[in-house]
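Read the structure below first, then the notes.
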Amino acid sequence: MIQLTGITRIFHMGGQTIYALNRIDLEIQDGEYVAIMGPSGSGKSTLLNVIGLLDKPDSGSYRLDGKTVTDLSEAEQAQIRREKIGFVFQSFHLVPRLTAAENIELPLILSGLEPSERKLRVNDALRAFDLSDRATHRPSELSGGQRQRVAIARATIMQPTAILADEPTGNLDHQIGAEVIALLEHLHQTGTTLIVVTHDRELGDRAHRQLMLRDGKIITDKKHDAG
Amino acid sequence: MTLADTFHLSFKTVLSYRLRSVLIILAMTLGVAAVVVLTALGDGARKYVVNQFSSIGTNLLVVMPGRAETSGAFPGAVLGQTPRDLTLKDAQLLGRLPQVRRYAPLNVGEAELSATNRLREVTVLGSNADLIPIRHMKLAQGSFLKRGADYSAQIVLGSQLAREFFPNTPAIGQRVRLNERRFLVSGVLAPQGKTMGHNTDEIVIIPVEQAQSLFNTTSLFRILVEAKSHDAIEPAKQAILETLKQSHDGEEDITVITQDAVLATFDRILHALTLAVAGIAAISLIVAGILVMNVMLVAVNQRTSEIGLLKAIGAPAADIRFLFFAEAMWLSTAGAIFGFLLGQLGSLMLRLAYPDLPAWAPAWASIAGILVALITGILASILPANKAARLDAVQALSKK
């Protein structure tokens with residue numbers, strides 16, 4: 001469970017103080033499907049980064065699964081990212097000189113798993129994401145949809161409790177984007193919390209809960225059932 | 001992340017940036033090779049000089065007239081005196097000292113050697129029979145100044161002179177002239193080549209009394225003394241000084257240099273030279289280290305978004321720092337190994353080109369070269385590695 005209380009994130013730009021997040025209170029249950037929406041500069045990416053422990057709020061408290069994580073050390077926060085959170089980015093962020101399989105393997109390497117165990121899990125993931133015949137290809141040899149599938153495989157290889165996706169279809173055409181969304185929704189159906197940042201209303205409407213941000217504040221928080 | 005994975009992952013990085021890696025390794029290689037080759041050259045020169053100097057004798061002391069002063073004038077000069085000459089009588093006195101195994105008086109001059117129809121200028125040494133063992137010379141044929149025959153007009157020819165003057169007949173028993181004086185060839189030196197800049201193949205040796213009369217002098221140029229053992233060198237030196245002081249009316253007007261002391265001095269000077277050269281070569285290693293730092297800083301900039309990604313998927317700063325360390329370690333280790341091999345190859349080529357020069361890099365220099373390469377490589381990666389580890393994840397990810 002994600003609990004944010006009074007989270008504020010301030011940026012200083014050219015002498016101006018910008019509230020990217022302004023005293024945000026938010027609770028997301030395990031297994032929820034949330035879309036974070038809003039115009040550019042509304043703070044939606046910052047909110048996702050704070051939830052993913054990539055960004056430190058200037059004030060407020062963040063409890064993850066009942067434990068305050070805002071004042072953990074850098075290494076402890078890294079461990080939480082490794083074990084509980086999977087990131088999916090608009091620009092995929094694959095390491096260009098590693099193969100698809102090696103990119104998927106990275107989080108397993110970071111967690112210090114045995115190579116034999118890693119191989120098993122990577123092979124499973126390649127099969128699950130229909131990438132088996134692309135295992136030894138480098139990102140430059142993959143299509144956009146394949147790249148995003150590699151990125152999602154990498155985000156899920158550690159079986160995180162939450163997937164955080166920042167405009168996951170932003171660099172994909174409509175049909176491929178729909179496939180990627182279907183993949184993410186499938187993960188959600190298996191019990192993973194799914195939080196998607198998007199400015200695509202159609203995509204946002206698919207989520208069971210929509211948060212609308214403006215100027216660092218949540219202005220609406222709508223819930224509806226799947227469908 | 002495990003250590004093995006860190007090294008494996010950074011090794012892949014080194015391989016994938018091939019040109020960049022080859023260039024850094026080349027810089028490191030040249031630096032280490034320079035240390036190895038230059039110290040091989042320096043140490044080879046040292047060994048060469050020491051060998052040359054050792055080959056002129058064992059436990060050798062050289063007595064020469066006059067007193068070498070490091071400061072002030074020769075004491076006699078104030079009183080209008082000149083230093084006394086060394087004489088044959090002095091040499092004989094030294095021969096009786098208990099610390100002395102043998103001695104050879106020495107006179108040196110130039111004279112015209114003629115025989116049959118040939119004539120040439122030669123260097124003439126006047127000495128006694130013990131010159132041969134003291135100076136480690138060898139006779140190819142005949143004998144040299146048999147004992148008891150010191151005053152006879154015998155002459156020993158250098159090997160090249162023997163060949164030049166008597167190409168078809170044995171030289172032994174032939175008559176030659178030195179400045180119109182007649183001599184009988186009693187021996188021929190074995191070819192020795194150059195030692196200490198003198199070509200012993202082109203000299204002649206005659207009894208010292210003959211030389212004194214030939215050059216119209218009663219003094220000696222040097223007295224060579226061989227001590228009975230290495231331990232006897234210093235006592236022999238003191239005894240020589242004491243004896244000649246007495247025989248020169250209490251005036252200490254001679255200088256005794258020991259082969260040991262000269263050897264030690266040469267050894268020290270050339271060793272210092274080797275160190276200096278190694279130091280200069282090490283500067284190129286430092287330069288290579290700075291190159292490593294530069295390239296690693298560029299790498300951090302190039303891979304900023306990748307570093308951001310590593311942070312996002314849960315790499316702690318320490319892991320990222322160590323990835324860059326490991327990368328620099330691969331580069332500098334490869335440079336050190338290739339540099340060592342290239343340096344050995346260079347030394348081998350030096351030895352092939354100059355067979356007289358024992359150009360082996362001393363172990364300390366090879367080890368120091370390799371260590372300096374590793375240490376500069378690792379030191380140079382500290383700054384870039386820290387920069388990478390401290391990057392802000394969000395900003396790093398947003399960079400294309």
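The values are calculated or read from the model by the stated rules, or taken from the named source; none is laboratory data. In this text, all values refer to a predicted model and were calculated from it rather than measured experimentally. Cβ atoms come from the backbone with ideal geometry, glycine included; neighbour counts cover every protein chain shown.
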Out of B:L350, B:L345, B:L379, report the one residue that is surrounded by fewer than 20 Cβ atoms within 10 Å (Cβ to Cβ), modelled with pLDDT of 95 or more and in the same structural domain as B:A45 (by TED's automatic domain parsing). B:L345
Just the residues that are at pLDDT below 85, surrounded by fewer than 16 Cβ atoms within 10 Å (Cβ to Cβ) and in contact with a Gly (Cβ under 8 Å, 6 or more places away or on another chain), please, taken from the range B:179-218. B:N199
Evaluation of B:T255 against (1) free of Cβ contacts under 8 Å to residues at least 24 places away in the same chain; (2) hydroxyl-bearing (S, T, Y); (3) in contact with a strand residue (DSSP E or B) (Cβ under 7 Å, 6 or more places away or on another chain) (one fails), failing number: (1)
Test A:A20 against the stated conditions and say whether it is surrounded by 14 or more Cβ atoms within 10 Å (Cβ to Cβ), out of contact with any strand residue (DSSP E or B) (no Cβ under 8 Å at 6 or more places or on another chain) and not aromatic (F, W, Y). no
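Could you please let me know if A:R206 is touching a Pro at 6+ places or on another chain (Cβ under 6 Å) and either among the basic types (K, R) or surrounded by fewer than 20 Cβ atoms within 10 Å (Cβ to Cβ) (or both)? Walk me through how you get there before you give the answer.
Values: touching a Pro at 6+ places or on another chain (Cβ under 6 Å): no; either among the basic types (K, R) or surrounded by fewer than 20 Cβ atoms within 10 Å (Cβ to Cβ) (or both): yes.
It is false that A:R206 is touching a Pro at 6+ places or on another chain (Cβ under 6 Å) and either among the basic types (K, R) or surrounded by fewer than 20 Cβ atoms within 10 Å (Cβ to Cβ) (or both).
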Given the options A:L26, A:L47, A:L54, name the one that is touching a residue at least 60 places away in the same chain (Cβ under 8 Å) and within 14 Å of chain B (Cβ to nearest Cβ). A:L47
A:G31 fails exactly one of the following numbered conditions: (1) more than 10 Å from chain B (Cβ to nearest Cβ); (2) in a strand (DSSP E or B). What is the number of that condition? (2)
Of the residues in the range A:95-106 that are of a type in the set (A, V, I, L, M, F, W, C) and over 16 Å from A:A125 (Cα atoms), the one that is farthest from the chain's Cα centre (by Cα) is A:L98
Residue satisfying condition, being hydrophobic (A, V, I, L, M, F, W, C) and within 14 Å of chain A (Cβ to nearest Cβ), within set B:A276, B:A299, B:A288: B:A299
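Rundown of residues vs (1) among the small types (G, A, S); (2) surrounded by fewer than 18 Cβ atoms within 10 Å (Cβ to Cβ); (3) outside any loop (DSSP other than H, G, I, E, B); (4) within 12 Å of another protein chain (Cβ to nearest Cβ), yes/no style:
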| residue | (1), (2), (3), (4) |
| --- | --- |
| A:Y62 | no, no, yes, no |
| A:L72 | no, yes, no, yes |
| A:E76 | no, yes, yes, yes |
| A:Q79 | no, yes, yes, yes |
| A:G86 | yes, no, yes, yes |
| A:F92 | no, no, no, yes |
Of the residues that sit in the range A:94-110 and are without any contact (Cβ under 8 Å) to a residue 40 or more places away in the chain and not small (G, A, S), which one is farthest from the other protein chains (Cβ to nearest Cβ)? A:T99
